[in-house]
Amino acid sequence: MQKQHDFTKGSILKHLFVFSAPVIVTNLLQTSYQFVDSLWVGNLLGANALGSVTVSSMIIFTVLSFVLGLNNAALTILSQQKGRGDELGLKKYLNAFVVILTLMAIALGIGGSIFAAPLLRLLGTPEGMMVGATAYLQINFLGILFLLGYNFIGTVLRSLGDSRTPMRFVMLAVSLNIVLDPLFIAGFNLGIKGAAYATIAAQGSAFIYGLVYVLYRKLAPFTLPRLPSREQVRLILNLGIPSGLQMAVISAGSAAILSVVTDFGEGAVAGYGAAQRLDSLLLLPAQALGTSVNSMAGQNIGVGNWQRVKSIAKYGVLFSFSIMVVLGILAILLAEYGIRLFMDEPSAVTFGTEYLQIVALCYPFLGINFLLNGIVRSSGAMYQVLVLNIISFWVLRFPLAAIMSSRLGEIGIAVGIGMSFILSSLVAILYFRFGKWREKELFT
């Protein structure tokens, strides 16, 4: 049986390193789905197909963000129950999450496949990309239950202090995806549809294997699904709705920025898509640390150890800032080589390289955001984090990207986004220091 960490005791630094390392690797593997798809699509099918995948992936994340946001609520509720030592409460809330997530997955899968084309047009997708983007989007929606299922299993295990087992499930999915992508795209001559089918097949295998493994090893107290109580549903929705809206705000803000990029043509869209793939990899350590401190702080809040929560925040910020400085420098130095992995069209390479080099300068500040929001989220202050994300994306990032691009041209997008990273980190620090998030109580 994998070790489940008790974060209410022991060395904080040791917990931070040991627990966050598998989360970083897991997130790296998770992100490699889209990364591998993009490599194969870009090289086998060209920049136009890569742009189609970029736009479709943005919509998938936007539409699914509400349900995926429930994972943050699960991490908070289940980690606090773990810290409190309430085994019965843990089992009941776990069952409630399973029922709610399953119903939402079915509804989104049907709705997303029906409205794929209208969503793409709403985003301003270039006409030349519509056919491929629609097909890719519809196929991915058909496999939504697999995507949500194995992500949720990983969230449950991390809330209990086990970050290694989820890494195993994702490793299986990624390995399958690497093999199936070229087979479906070129071997079966399915083109962009093949990339989507390969991803769904890999995620489905990981979900089934993960579920069987957890049940057999009794790593989490899953039971046969039954209707949850009103109290459980109320608390889950009270945290899950703002948590889901946080993800929606983030992804919708990203989609809004993409709409600014599409104004500059297909070359900019393709270059932006490649830069975003590299961006997602480079930001993984900061995101993983945000997830890790959510679990760590959540267990300590469950037992009322606020001094330890403060120490987790201090060490976490220092750790995150240091890592992101190093990764930012590497991104600046190697940006062009990274972009050329996906394509060789001059305009796309130029835009993607310049975008990545400018944004990378501000990575450390975005890392502060991830870390402090993870701490605040662990208390259950989801509406407060929602407001912080609205400020970050809709008050700062999107307006600054639009304004700076109108003044500086396409490169102004990166300048505006970099400025927003710095300003939003200052807002996060001020709220962490002076906000009332510590007053939140989930259980009485």
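The values are calculated or read from the model by the stated rules, or taken from the named source; none is laboratory data. What you are looking at is a predicted structure, and each value in this text was computed from that prediction instead of being measured. Cβ coordinates were reconstructed from backbone atoms using ideal geometry, including for glycine residues, and neighbour counts include every protein chain displayed. For the accessible areas, the whole protein counts, side chains as well, though only heavy atoms, and no ligand, DNA or RNA atoms are used. Shrake-Rupley method; radii C 1.70, N 1.55, O 1.52, S 1.80 Å.
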Looking at the stretch 63-76, is at least one residue of a type in the set (F, W, Y) and surrounded by fewer than 21 Cβ atoms within 10 Å (Cβ to Cβ)?
yes
Those residues of the stretch 413-438 which are within 24 Å of N294 (Cβ to Cβ), open to solvent by 40 Å² or more (accessible area, probe 1.4 Å) and part of a helix (DSSP H, G or I) amount to I422, L423, L426, V427, I429, L430, Y431, R433, F434, R438
So which helices (runs of 4 or more DSSP H) are wholly in the stretch 103-191 and hold at least 1 residues that are in contact (Cβ under 8 Å) with a residue 24 or more places away in the chain and among the charged types (D, E, K, R)?
144-159, 164-182
Take the stretch 349-394 and flag every residue that is over 22 Å from Y272 (Cβ atoms), surrounded by fewer than 21 Cβ atoms within 10 Å (Cβ to Cβ) and β-branched (V, I, T).
V387, I390, I391
Before we move on, is L75 in contact (Cβ under 8 Å) with a residue 12 or more places away in the chain and under 30 Å from V261 (Cβ atoms)?
no
If we keep just the residues of the stretch 148-180 that are open to solvent by less than 30 Å² (accessible area, probe 1.4 Å), more than 12 Å from N27 (Cα to Cα) and among the aliphatic types (A, V, I, L, M), which is farthest from the chain's Cα centre (by Cα)?
L160
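Residue by residue, here is whether (1) crowded, with 19+ Cβ neighbours inside 10 Å; (2) in contact with a strand residue (DSSP E or B) (Cβ under 9 Å, 6 or more places away or on another chain); (3) modelled with pLDDT of 85 or more; (4) not aromatic (F, W, Y) holds:
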| residue | (1), (2), (3), (4) |
| --- | --- |
| S20 | yes, no, yes, yes |
| S32 | yes, no, no, yes |
| S52 | yes, no, no, yes |
| V55 | yes, no, no, yes |
| G85 | no, no, no, yes |
| I100 | yes, no, yes, yes |
Which residue pairs have Cβ atoms under 9 Å apart, sit 6 or more places apart or on different chains, and have a first residue in the stretch 320-335 that is closer than 14 Å to L281 by Cα and assigned to a helix (DSSP H, G or I) and a second that is open to solvent by 60 Å² or more (accessible area, probe 1.4 Å) and aromatic (F, W, Y)?
M324/F365
Can you pull out every residue in the stretch 255-273 that is assigned to a helix (DSSP H, G or I) and either open to solvent by 10 Å² or more (accessible area, probe 1.4 Å) or in contact with an Asp or Glu (Cβ under 6 Å, 6 or more places away or on another chain) (or both)?
A255, A256, S259, V260, T262, E266, G267, A268
Scan the stretch 398-410 residue by residue and report those that are more than 19 Å from I250 (Cα to Cα), under 27 Å from the mean Cα position of the chain (by Cα) and open to solvent by less than 40 Å² (accessible area, probe 1.4 Å).
M404, S405
Given the condition within 29 Å of T350 (Cα to Cα), modelled with pLDDT of 85 or more and open to solvent by 10 Å² or more (accessible area, probe 1.4 Å), answer yes or no: does some residue in the stretch 237-249 qualify?
no
